[in-house]
Amino acid sequence: MHRFEAYLESHIPHTKSFHPHYEEAFVAMLHAGGKRFRPQLILSIVEAYEPLLYDSAMSVALAVEMFHTYSLIHDDLPAMDNAELRRGMPTLHKRYDEVTAILVGDGLNTDAFLLIAMSPLRADVKIKLIELLALNGGSKGMVLGQAIDCYFENKPLEIDQVEFMHINKTAKLIAASLQMGAVIVDLPHDIQKKLYDFGIDLGLLFQVQDDIIDVTQSEIESGKTIQNDTDKNSFVKLLGLQESLEYANSLAATLEKRFKSFDAVMQNALQDVVNSYLYRHKN
């Protein structure tokens, strides 16, 4: 992802004004790093099928990273998780103030769509990409999952309800990233659907692993505030650590079967993802 990091550094939007820290705050969380997982999904598929479109897809990958970063900034706010640490540095509302954090999140959200709209891709492709990001990141996706997460603090959910919450809050944006890569390279609709379904299960695995990290790693190791969701519904809280590990392994086995159903080009494109996430918690 070195090419993406270089692109990010050279294409982060800059807004000059007399505000004392607005521009600095706007780029702080993007500069703080992160897994860059969603951009990796998009760019891996583009590189595998249409490498000549890789540079054109960079702005879409950055847009999704900006959108994801907005969601983290808002997730950390006092009204939600009230976290103090993200990506190894103080959260924006701690480093600056709550108003700045809210507005930076708002700016990253809307600018993500601007980036896609201005990307050097066909108009029909850009429209589809905007549709996918809005559908999976908005009121029928990530926002719905976050609303359920916050509302049901101290109100235990059933396992299927926790899955529903995290499918929306986490998995849909991961699934959308895979499908967005497929849209850019014009893969058939049935392949797009297979990728999206793969992404939903991958997102659930990603989330249960995150819940496991929350109880097994230090803040230094994880780079964020840990054990901060004790009032919220998590896989570990519902199932316990050992059952959560078993749940993760079961999801990984399902994903491995899905992965083997892809053609050789797709398997090669997603191999790093498989290596990074499918086998992380194998006993």
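The values are calculated or read from the model by the stated rules, or taken from the named source; none is laboratory data. Model, not experiment: these values are computed from the prediction. Here the Cβ is made from the backbone with ideal geometry for all residues, glycine too, and neighbour counts use every protein chain on show.
Overview of values
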item: Residue match in the range 76-90 (condition: assigned to a helix (DSSP H, G or I) and under 18 Å from ALA147 (Cβ atoms)); result: no
item: Filtered residues of the range 8-20 (kept if under 18 Å from ARG87 (Cβ atoms), surrounded by fewer than 16 Cβ atoms within 10 Å (Cβ to Cβ) and not charged (D, E, K, R)); result: ILE12
item: Criterion violated by ILE220 - all others in (1) under 25 Å from ASP75 (Cα atoms); (2) at pLDDT below 90; (3) touching a helix residue (DSSP H, G or I) at 6+ places or on another chain (Cβ under 8 Å) satisfied; result: (3)
item: Matching residues in the range 233-283 - criterion: being farther than 21 Å from GLY181 by Cα and of a type in the set (Phe, Trp, Tyr); result: PHE235, TYR247, TYR279
item: Of the criteria (1) more than 17 Å from THR216 (Cβ to Cβ); (2) assigned to a helix (DSSP H, G or I); (3) modelled with pLDDT of 90 or more, which one LEU245 fails; result: (1)
item: Sole residue being outside any helix (DSSP H, G or I), of a type in the set (D, E, K, R), under 20 Å from ILE174 (Cα atoms) and under 21 Å from the mean Cα position of the chain (by Cα), chosen from LYS128, LYS140; result: LYS140
item: Check on ILE42, over 16 Å from the mean Cα position of the chain (by Cα), touching a residue at least 12 places away in the same chain (Cβ under 8 Å) and surrounded by 19 or more Cβ atoms within 10 Å (Cβ to Cβ); result: no
item: Subset of the range 115-162 [among the hydrophobic types (A, V, I, L, M, F, W, C), closer than 23 Å to THR69 by Cβ and touching a residue at least 40 places away in the same chain (Cβ under 8 Å)]; result: LEU115, ILE116, MET118, LEU121, LEU129, LEU132, LEU133, LEU135, MET142, CYS150
item: Contacts under 7 angstrom Cβ, first residue in the range 236-262 being touching a residue at least 12 places away in the same chain (Cβ under 8 Å) and surrounded by 13 or more Cβ atoms within 10 Å (Cβ to Cβ), partner among the hydroxyl-bearing types (Ser, Thr, Tyr) and outside any helix (DSSP H, G or I), 6 or more apart; result: ALA252/TYR279
item: The range 85-125 - residue that is of a type in the set (Ser, Thr, Tyr) and more than 22 Å from GLY138 (Cβ to Cβ) and, of those, nearest to the chain's Cα centre (by Cα); result: THR91
item: Among residues of the range 64-94, those that are modelled with pLDDT of 95 or more and of a type in the set (Lys, Arg), counted; result: 1
item: Any hit, the range 90-99, residues being within 22 Å of ALA32 (Cβ to Cβ), surrounded by 13 or more Cβ atoms within 10 Å (Cβ to Cβ), of a type in the set (Lys, Arg) and in contact (Cβ under 8 Å) with a residue 12 or more places away in the chain; result: yes
item: Residue, surrounded by the fewest Cβ atoms within 10 Å (Cβ to Cβ), within the range 185-207, restricted to residues that are touching a Leu at 6+ places or on another chain (Cβ under 7 Å) and in contact (Cβ under 8 Å) with a residue 40 or more places away in the chain; result: VAL185
item: Looking only at the range 263-272, and only at residues there that are within 19 Å of VAL185 (Cα to Cα) and either hydroxyl-bearing (Ser, Thr, Tyr) or touching a residue at least 12 places away in the same chain (Cβ under 8 Å) (or both), the one that is surrounded by the most Cβ atoms within 10 Å (Cβ to Cβ); result: LEU270
item: Residue list for the range 156-184, restricted to those being surrounded by fewer than 18 Cβ atoms within 10 Å (Cβ to Cβ) and part of a helix (DSSP H, G or I); result: ILE159, ASP160, GLN161, PHE164
item: Qualifying residue in the range 93-113 (condition: within 16 Å of LEU77 (Cβ to Cβ), basic (Lys, Arg) and part of a helix (DSSP H, G or I)); result: yes
item: Residue match in the range 138-155 (condition: surrounded by 20 or more Cβ atoms within 10 Å (Cβ to Cβ), touching a Phe, Trp or Tyr at 6+ places or on another chain (Cβ under 7 Å), more than 19 Å from LEU53 (Cα to Cα) and not polar (S, T, N, Q)); result: no
